[in-house]
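What follows draws every value from the coordinates through simple rules; no lab data is involved. The structure displayed is predicted, hence computed values, not measured ones. For neighbour counting, all protein chains shown are included, and Cβ atoms are generated from backbone atoms with ideal geometry for every residue, glycine included.
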Amino acid sequence: MQKIRVGIVGYGNVGAGAATAVSANSDMELVAVFTRRNPKSVKIKDVNAFVLPVSDTEKMTDDIDVLLLCGGSAIDLPEQGPQFAAMFNTVDSYDNHTKIHEYLASMDAAAEKNTAIIAAGWDPGLFSLMRALGESILPDGISYTFWGRGVSQGHSDAIRQIEGVKHAVQYTIPIDSAIKAVRSGLKPTLEPGQRHVRRCYVAVEPGVDKMEIKEKIKNMPHYFEDYKTTVYFVDVDELFTKHSKMPHGGVVLHSGNTGENQHVIEFSLNLESNPEFTGSIMTAYARAAYRMSRESIFGAKTVLDVPISYLSPKDREELIKEML
């Protein structure tokens, strides 16, 4: 059996999680990790894979079937996504909900002869599927999404892009009373800030204006401006000692009616490692991107466009026998 040859761009938390996921799938092999760091400083578990500078990626178009783009959504993916989608089949976990249409369009324009699956994480991603499923089954209803309690990689990365910030970790915390109201069958109208609060732990460079950084965080569009956001300034040692783990999770609820009867659909995740789980989702969608490209289904796609069966290493007959 020919294995799907996978490359990874970016070897941070998500990239390392993706490498772990690739090694767990017998129909895949990791060919190379591409990094902006000195390749000699990057240690990976797969001794058969290359570690190369990101500038060498385009030299590997004949050796890689799918490229997993593991950079951040704030800065990396808007630039790297279209660049690599023009050369490879790609999968990413772009997570800026408000700019997905813009990003999708740029990826679709680039991926004329390739398959580019975007926003393949757990939200957007798996939670998107659950929202679509709930609203399709119970059209007379409302969907609610709650995230956390956990570390948001995208929001943490957005803080780290602020000049003067050394490191940062952001926790998304759901408001329990809002979840209870939805589970009880009520259909409350909840603004974003009535569903979650955001708690930030930030280490800064010496001499910077902490109040200025705090205001930049709290007023950051699409990330913090609509939420009650608390910023704590700590040193780097405390960040790594107390906030190095990356748990996360959340719940999608759809409350709806059929006639006079009321129903609540619920899908939840409880993750010990957000990046490892995200890397696992991306790896499953790498299989889908590979299959779709072989069927000449090109352009940018979302998880809503991909048949569930394309994610599985099992063939259609096995899935029908074992899953139905």
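Kindly provide the set of residues from region 217-247 that are touching a residue at least 24 places away in the same chain (Cβ under 8 Å), over 13 Å from HIS167 (Cβ atoms) and crowded, with 17+ Cβ neighbours inside 10 Å, ordered by number. Within region 217-247, ILE217, MET220, TYR223, PHE224, TYR227, THR229, VAL231, MET246 qualify.
The rows are residues; the columns are (1) among the hydroxyl-bearing types (Ser, Thr, Tyr); (2) surrounded by fewer than 19 Cβ atoms within 10 Å (Cβ to Cβ); (3) not in a helix (DSSP H, G or I).
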site: ARG287; (1), (2), (3): no, no, no
site: ALA300; (1), (2), (3): no, no, yes
site: TYR310; (1), (2), (3): yes, yes, no
site: PRO313; (1), (2), (3): no, yes, yes
site: LEU319; (1), (2), (3): no, yes, no
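Could you go through region 262-277 and let me know if any residue there is within 19 Å of ALA116 (Cβ to Cβ) and surrounded by 19 or more Cβ atoms within 10 Å (Cβ to Cβ). Within region 262-277 (the criterion being within 19 Å of ALA116 (Cβ to Cβ) and surrounded by 19 or more Cβ atoms within 10 Å (Cβ to Cβ)), the answer is no, since none of the residues qualifies.
In region 86-122, how many are of a type in the set (Asp, Glu), in contact (Cβ under 8 Å) with a residue 60 or more places away in the chain and farther than 16 Å from LEU69 by Cβ?
Here is the first cut: in region 86-122, the ones of a type in the set (Asp, Glu) are 92, 95, 102, 108, 112.
Next, from what is left, pick out any that are in contact (Cβ under 8 Å) with a residue 60 or more places away in the chain: 92, 108, 112.
After this cut, where a residue has to be farther than 16 Å from LEU69 by Cβ as well, the list is 112.
Count: 1.
Under the condition of being part of a loop (DSSP other than H, G, I, E, B), over 19 Å from GLU191 (Cα atoms) and under 20 Å from the mean Cα position of the chain (by Cα), the residues counted in region 118-144 number 3. Give me a count of the residues in region 133-180 that are without any contact (Cβ under 8 Å) to a residue 12 or more places away in the chain and under 17 Å from ASN13 (Cβ atoms). Qualifying residue count, region 133-180: 1.
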